[in-house]
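The values are calculated or read from the model by the stated rules, or taken from the named source; none is laboratory data. This structure is a prediction, so every number in the text was calculated from the model and none was measured. Cβ atoms come from the backbone with ideal geometry, glycine included; neighbour counts cover every protein chain shown. Side chains are part of the model used for accessible areas, which takes the heavy atoms of the whole protein and leaves out ligands, DNA and RNA. Shrake-Rupley method; radii C 1.70, N 1.55, O 1.52, S 1.80 Å.
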Amino acid sequence: MTSPLEQKKIRIAGPSVVTANRTWDGIVVYRTAARAWSAELSEAAIVRNSEEAKALLAEAVADDVGAIGPYIAPVQIGADGRIVPGNLREQIRRTGVTIGQPAQV
Amino acid sequence: MYAYDEIDRTLVNERVSEFRDQVKRRLSGELTEDEFKILRLQNGVYLQLHAYMFRVAIPYGTLATNQLRALAHVARKYDRGYGHFTTRQNIQFNWIKLAELPDALEDLAKVGIHAMQTSGNNMRNVTSDQWAGVAPGEIEDPRIWSELIRQHTTLHPEFSFLPRKFKIAITASDHDRAAIKIHDIGLRLIRNEKGETGFEVLVGGGLGRTPFIAKTIKHFVHGRDILSYIEAILRVYNQYGRRDNIYKARIKILVHELGIEKFSREVEEEWQQIRNSSLQIDDEVIEDIRSRFTYPAYEKLPHMPDELRQAAADPDFEAWRKNSVAPHKVQGYSIVTISLKPTGGPPGDATAKQMDALADLADQYSFGEIRVGHEQNLALPHVAKRDLPALWKALDKLGLATPNVNLITDIIACPGLDYCSLANARSIPIAQELTRRFANHELANLIGRLHINISGCINACGHHHVGHIGILGVEKNGEEVYQITIGGRADENATLGTLIGPGVKFDEVADVVEDVVEAYLALRERPEELFMDTVKRLGVEPFKERVYATR
Ligand code: HEM
Ligand code: SF4
């Protein structure tokens with residue numbers, strides 16, 4: 001995984017969010033505009049240029065108790081304003097494995 | 001089975017309470033993730049795409065039924081009801097909550113299971129043949145030596161801060177089921193002309209970004225000298241190993257750069273200085289370990305019991321028996337491999353229900369013992385032949401009697417992009433599709449022994465380099481692309497596969513494999529010529545032609 005520090009150099013190509021895994025249980029979370037973490041991508045703060053991305057990331061990194069390994073991830077925004085993950089990795093993180101899991105037993 | 005002593009138990013318990021405290025401090029913010037990371041890795045906890053992943057060691061692949069039940073319990077209570085058996089005699093849980101991990105560790109510690117040596121730059125758990133102690137013709141149970149090395153290296157300072165992680169595997173049979181040639185150190189237990197037990201020592205194997213097959217560094221090291229010899233290797237490695245570059249820090253790179261001759265000279269020099277030290281192993285020490293491995297009280301049973309003769313009329317039973325049942329060193333007994341590769345299923349996954357049921361079956365039919373192999377399958381090591389028909393029926397009900405061991409659908413696959421944060425592409429869905437394509441048992445049998453290995457990135461956890469057909473997922477312009485190699489193998493004749501051409505897309509992989517297989521069926525000289533032999537005879541060209549002619 002790319003470390004946040006390396007990512008600071010990266011310019012973002014389009015709308016992006018900051019995502020991480022929640023510390024206590026590991027689930028996928030997104031940084032919100034309210035300086036909190038949410039499991040809902042729809043609540044993620046959207047950044048559109050590198051300055052904004054950097055600022056959101058820095059603020060997210062500072063909340064180390066809340067979530068770990070934050071990084072900038074691309075998203076797409078549909079005509080209806082819905083936020084969808086910008087690549088397969090993020091899609092899998094959001095919607096889960098693509099393979100079906102054994103029945104819960 | 002192996003009886004742990006008090007020291008081990010105390011150590012494991014101390015680790016649990018230490019980790020409980022560390023987790024508490026992490027959750028309160030007293031420890032940062034940076035500080036905590038090394039601590040969690042020491043306890044087998046990784047961060048994956050969806051959650052924390054928890055890796056538990058199954059030393060030399062031997063499990064007692066209460067241990068398997070404890071794993072089932074962890075899967076059920078702390079995870080989503082299943083676990084994933086890996087190629088390193090580990091089991092991984094994919095959805096563990098950090099806050100609950102200390103409880104899970106504690107539950108496992110009660111049955112002597114821990115997660116030490118599953119991660120970090122240390123000596124990883126020493127792996128061995130899953131048929132250890134029961135394979136006909138083996139020199140000696142290799143786990144005795146695995147255990148000796150484990151005791152010596154666990155938490156030994158010299159082994160805890162290596163330039164990189166370090167893996168040892170041991171085999172004691174002619175047929176290498178432990179893949180020793182792709183380990184940092186591979187040990188083959190042998191006997192010299194004088195009848196003394198010792199090891200052929202191989203060094204510098206490994207896959208990943210720069211794959212190497214291990215080379216023999218010494219043809220015979222006496223058993224009593226094995227610790228000093230390993231220590232000498234590690235000292236040379238520690239002295240030269242590149243800590244500055246994690247890609248170059250593995251011993252395989254050092255051996256490659258120094259050359260095996262220079263490397264072995266340096267080891268020899270080092271060894272001469274320490275071989276007569278306290279590292280020399282007393283016979284009593286070995287005897288003590290030997291005495292802790294207990295074997296069942298086997299009965300005197302006929303070679304061909306009536307039950308087996310009668311069941312032979314059932315073609316389904318026969319298909320399974322021929323595929324999954326292997327000879328045992330004791331007459332009247334068999335080793336039964338349990339395929340964790342059902343059609344359409346993720347390779348290596350077992351549900352809590354299956355684990356519990358299997359524990360019951362092992363109690364009933366295998367003297368309470370289960371084995372875990374590096375092919376992501378399990379085994380029951382001591383099944384009386386007369387019980388085979390009943391066992392088969394029970395396994396079949398659990399979905400654990402797919403007769404595909406060593407066939408094309410017995411696929412080794414890493415978790416890939418469905419779970420792994422390092423992945424470039426998915427592995428499991430490729431495996432699932434291939435198991436559907438080749439689900440027909442007659443077809444798979446006609447093809448014969450053929451191993452497919454799939455990795456979702458260059459770290460090669462799925463051992464793609466040594467697959468007869470190897471599939472490596474990479475990313476190209478945001479898309480999953482797969483590179484196909486053929487002709488690799490992981491056994492005593494280990495070789496790296498050869499790339500057959502440009503990468504192919506996700507949807508095309510199964511078609512390409514079908515083409516390769518069709519080409520093989522058309523090209524083989526006779527049905528007994530195995531895929532890898534055809535590739536060896538003809539090279540990759542005819543396969544390449546077949547695959548790319550229409551693409
Ligand atoms: C899903 C979480 C996993 C992560 C994050 C992970 C990570 C890694 C990494 C980074 C390496 C490369 C180390 C190096 O450069 O030497 C590696 C190697 C390896 N992994 Fe994994 N792995 C995972 C799962 C697995 C699984 C499920 C298996 C077994 C099926 C496995 C078996 C191996 C093996 C055998 C190697 C050594 C290859 C070699 O000899 O270099 N890993 N893993
Ligand atoms: S090979 Fe790569 S993708 Fe597969 S488990 Fe290993 S690190 Fe993850």
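Loop-located chymotrypsin sites (Phe, Trp or Tyr not before Pro) in region B:172-278 (DSSP state not H, G, I, E or B) with no more than 14 neighbouring Cβ atoms inside 10 Å: B:Tyr247. Projecting the Cα positions of B:Ile274, B:His303, B:Tyr240 onto the charge dipole of region B:223-350 (unit charges on Cβ atoms of Lys, Arg, Asp and Glu, taken about the Cα centre) puts B:Tyr240 furthest along the positive direction. Charge dipole of chain B (Cα centre as origin; +1 on each Lys and Arg Cβ, -1 on each Asp and Glu Cβ, all else neutral): 760 debye, rounded to the nearest 20. In order along region B:77-88, phi translates into HN-Hα couplings of 7, 10, 10, 9, x, 8, x, 10, 7, 9, 7, 10 Hz, rounded to whole numbers, per the Karplus curve 6.51 cos²θ - 1.76 cosθ + 1.60 with θ = phi - 60° and x for Gly and Pro.
As a check on your grasp of the helix formula, calculate [θ] at 222 nm for chain B: sum -39500 (n - 2.57) over DSSP H runs of n ≥ 4, divide by the residue count, round to the nearest 500.
-11500 deg cm²/dmol
Beyond 21 Å in Cα-Cα separation lie the following of the pairs B:Lys341/B:Lys544; B:Lys77/B:Lys110; B:Lys322/B:Lys385: B:Lys341/B:Lys544. Under a 5 Å amide H cut-off, with hydrogens placed 1.01 Å from N, B:Ile408 pairs with B:Leu450 among residues at least 5 apart or on other chains. Judged by the ratio a/c of the largest to the smallest principal axis of the C-alpha gyration tensor, region B:291-393 counts as oblate, that ratio being 1.5 or greater while a/b is no larger than b/c.
Averaged over the residues of peptide A:89-98, the number of Cβ atoms from other protein chains lying within 10 Å of each residue's Cβ is 5.
Using only the Cα atoms of region A:6-105, build the gyration tensor, take square roots of its eigenvalues as a ≥ b ≥ c, and label the shape rounded, prolate or oblate: rounded if a/c is under 1.5, else prolate if a/b is larger than b/c, else oblate. Oblate, because a/c is 1.5 or more while a/b does not exceed b/c. Normalised by the number of residues in region B:306-397, the mean separation of alpha-carbon contacts (under 8 Å, six or more apart) gives a relative contact order of 33 percent.
Most simply put, region B:134-291 has about 75% antiparallel DSSP beta bridges, counting only bridges with both residues inside it.
Taking 8 Å as the Cα distance limit and 6 or more residues as the minimum spacing, I'd like the relative contact order of chain B as a percentage.
Computed value for chain B: 12 percent relative contact order.
Measure out, as a whole number of angstrom, how far apart the alpha-carbon centroids of region B:370-396 and region B:500-534 sit. Centre-to-centre (Cα) distance: 31 Å.
In a DSSP loop and with at most 15 other Cβ atoms within 10 Å, the GluC sites (Glu not before Pro) in region B:254-343 are B:Glu299.
With the highest mean first, a sort of the peptides A:53-64, B:357-368 on other beta-carbon atoms found within 10 angstrom per residue produces B:357-368, A:53-64.
For the protein assembly as shown, with only Lys/Arg (+1) and Asp/Glu (-1) charged at the beta-carbon, what is the dipole magnitude about the Cα centre, in debye rounded to 20?
Details: 80 positive and 87 negative charges, 234 e Å.
Roughly 1120 debye for the protein assembly as shown.
Rolling a 1.4 Å probe over the protein chains gives A:Trp24 an accessible area of about 110 Å². In straight Cα distance, which aspartates and glutamates are under 15 Å from B:Lys393, not counting same-chain residues fewer than 8 positions off? Cross-link targets: B:Glu307, B:Asp314, B:Asp316, B:Glu318, B:Asp360.
For region B:6-109, what is the charge dipole size about the Cα centre, in debye to the nearest 20, if Lys and Arg each add +1 at the Cβ and Asp and Glu each add -1 at the Cβ? It would help to have the intermediate numbers written out before the result.
Values: 15 positive and 14 negative charges, 82 e Å.
Dipole about the Cα centre, nearest 20: 400 debye.
How far is helix A:50-62 tilted off the main Cα axis of chain A, in degrees rounded to 10, range 0 to 90? Around 60 degrees separate the two axes. Per-residue shielding of B:43-54, expressed as the average number of other chain Cβ atoms within 10 Å of the residue Cβ, stands at 4.
Residue by residue along B:94-106, Cβ atoms of other protein chains within 10 Å of the local Cβ number 2 on average. The packing ranking of peptides B:486-497, B:9-20, highest mean first, is B:486-497, B:9-20, where packing means the average number of other beta carbon atoms within 10 angstrom of each residue. No disulfide-compatible partner, judged by a Cβ distance under 4.7 Å, exists for the following cysteines of chain B: B:Cys420, B:Cys457. For a straight C-alpha distance cut-off of 27 angstrom, the lysines reachable from B:Lys194 (same-chain residues fewer than eight places away being disregarded) are B:Lys181, B:Lys215, B:Lys218, B:Lys329.
The trypsin sites (Lys or Arg not before Pro) of region B:271-306 that meet both conditions, a loop assignment by DSSP and at most 10 other Cβ atoms within 10 Å of the site Cβ, are B:Lys300.
Modelled spin labels at A:Asn49 and B:Ala319, positioned 7 Å past Cα toward Cβ, are 6.5 nm from each other. Report, in whole Å, the centroid distance computed from the Cα atoms of region B:51-78 and region A:19-69. Result: 33 Å between the Cα centres.
Taking square-rooted eigenvalues a ≥ b ≥ c of the alpha carbon gyration tensor, is the protein assembly as shown rounded, prolate or oblate, where a/c under 1.5 means rounded and, failing that, a/b exceeding b/c means prolate? Because its axes are fairly even, with a/c under 1.5, the protein assembly as shown counts as rounded. For region B:309-316, putting each phi into the Karplus relation 6.51 cos²θ - 1.76 cosθ + 1.60 with θ = phi - 60° gives couplings of 4, 5, 5, 4, 6, 8, x, 5 Hz, in residue order, rounded to whole numbers and with x for Gly and Pro.
Applied to region B:290-296, the Karplus parametrisation 6.51 cos²θ - 1.76 cosθ + 1.60 on θ = phi - 60° returns per-residue 3J(HN,Hα) values of 4, 6, 7, 7, 9, 10, x Hz, with x for Gly and Pro. Dividing the summed helix terms, -39500 (n - 2.57) for each DSSP H run of n ≥ 4, by the number of residues in chain A produces a 222 nm estimate of -6500 deg cm²/dmol to the nearest 500.
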